[in-house]
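Since the structure comes first, as structure tokens, the remarks are kept for the end.
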Amino acid sequence: MAPAMTSDMRKTGIDVVGDVPWGAHFCLFYETPADLLETLVSYCKAGLQSHEFCLWVVAEPLTEEDARRALKRVMPDFYQYVVDQSIEIVPARDWYLQDGAFDLERVIDGWNEKLARASAKGYAGVRVTGDTAWLEKKDWKDFCEYEDSLNQAVVNQRLSVLCTYPLAKCGAAEILDVVRTHQFAVTKRRGGWDVIETAGHKQAKAEIKRLNEELEQRVIERTSELTSVNSELIKEVLQRQRAEQALQRSETYLAEAQRVSHAGSFGWSVSSGHIVWSDETFRIFEFDPAVKPTVELIMHRTHPEDRAFLQETLDQVARDRKAFDFEHRLLMPDGSVKSVRVVGHPSTNNESGNFEFVGAVTDITDRKRA
């Protein structure tokens, strides 16, 4: 892709999102095909009316004909855009798969080709949306790598990408993967909207660290020149404050994402026994956030019939230090029973060298009762 200026804002057609700059890469979690169709029709309509080339990658249960009919209903002149080749509507399996296999490089090359062709024809840029209802478990890891790579591929390009995920096919681990690899997420559930900005979380932390180190070094070097550098230091402080505010917003949005998905997160240091819970994890276990989480506390809340299983599982996890995924029941103070799914991955804390697990706890009680 040839570099392009990306400062101008583009109308998404999605009221809750508003305008976004070129290089936007965000996702939509949807409950029903009707929600998906309504959102993407607005998204593509806004792109066509802004002289952008649009590519809509559809997956079952929606078809190419469904998409065309829906656009025709809101755009009487829609077929003129088809004649002008301003929009392409293609099946997801044809776009993402070759001989039944997902190829990251081939798909990104496809975006490059569309962008080059659109630029040559004088379009303002390229607007893309692709649905993942076709995605199978065997392709999940490769597709997450693709989503991660796409964040770099869209930088400084006249390209915006909206990826769509059916909520029914996403568990806690999948939702966390998706949220991590996008600049922000939009959810539409029971007719209501939520916007969760999350992808900048790590970048904000890194920016705070960089700005702090840079500021401290400059203070040391320029103590004798305080008068002349005062305005520069003020700029640095303001930048650091903005980065800290961005991190605080990102953490708030992440907490909201966990609340919406009923999925809390945790960290567990095997060597020290130290456990960290998110707010949603405290809500699932129904403990006050002031309480310090411990293995003993978890055992106390676990259903008596599942305690032996849980103890054996934790012992094996601590011994093998491998990823885990299991379910067990909780006995709540009011006598009710909850079912939870626990997913964890091993990680080494680079600062302390301690071995730890990070993961998610999901309340699956409603799913079990269904």
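The values are calculated or read from the model by the stated rules, or taken from the named source; none is laboratory data. Keep in mind that what you see is a predicted model, and the values were worked out from it rather than measured. Don't worry about glycine lacking a Cβ; one is built from the backbone with ideal geometry, like all the others, and counts go over all protein chains shown.
The residues of the range 144-189 that are surrounded by fewer than 21 Cβ atoms within 10 Å (Cβ to Cβ), of a type in the set (A, V, I, L, M, F, W, C) and either without any contact (Cβ under 8 Å) to a residue 60 or more places away in the chain or closer than 19 Å to Ser42 by Cβ (or both), listed by number, are Cys144, Phe184. Entry remark, the range 313-349: residues being surrounded by fewer than 17 Cβ atoms within 10 Å (Cβ to Cβ), among the basic types (Lys, Arg) and in contact (Cβ under 8 Å) with a residue 40 or more places away in the chain number 1 in total.
When only residues in the range 122-143 that are buried (at least 17 other Cβ atoms within 10 Å of the Cβ) and free of Cβ contacts under 8 Å to residues at least 60 places away in the same chain count, which is farthest from Cys27 (Cα to Cα)?
Going through the range 122-143, the residues buried (at least 17 other Cβ atoms within 10 Å of the Cβ) turn out to be 123, 125-135, 139, 143.
Cutting the leftovers down to free of Cβ contacts under 8 Å to residues at least 60 places away in the same chain gives us 135, 139, 143.
Values: Leu135: 15, Asp139: 18, Phe143: 14 Å.
The selected residue is Asp139.
Those strands (runs of 3 or more DSSP E) of the range 295-370 in which 1 or more residues are assigned by TED's automatic domain parsing to the domain that holds Ser272 and over 16 Å from Phe266 (Cβ atoms) occupy 324-331, 337-348.
All of (1) touching a residue at least 40 places away in the same chain (Cβ under 8 Å); (2) surrounded by fewer than 16 Cβ atoms within 10 Å (Cβ to Cβ); (3) of a type in the set (S, T, N, Q) hold for Ser119 with one exception: (2).
Answer yes if at least one residue in the range 63-78 is over 14 Å from Gly130 (Cα atoms) and at pLDDT below 90, and no otherwise. The answer is no, given that none of the residues of the range 63-78 is over 14 Å from Gly130 (Cα atoms) and at pLDDT below 90.
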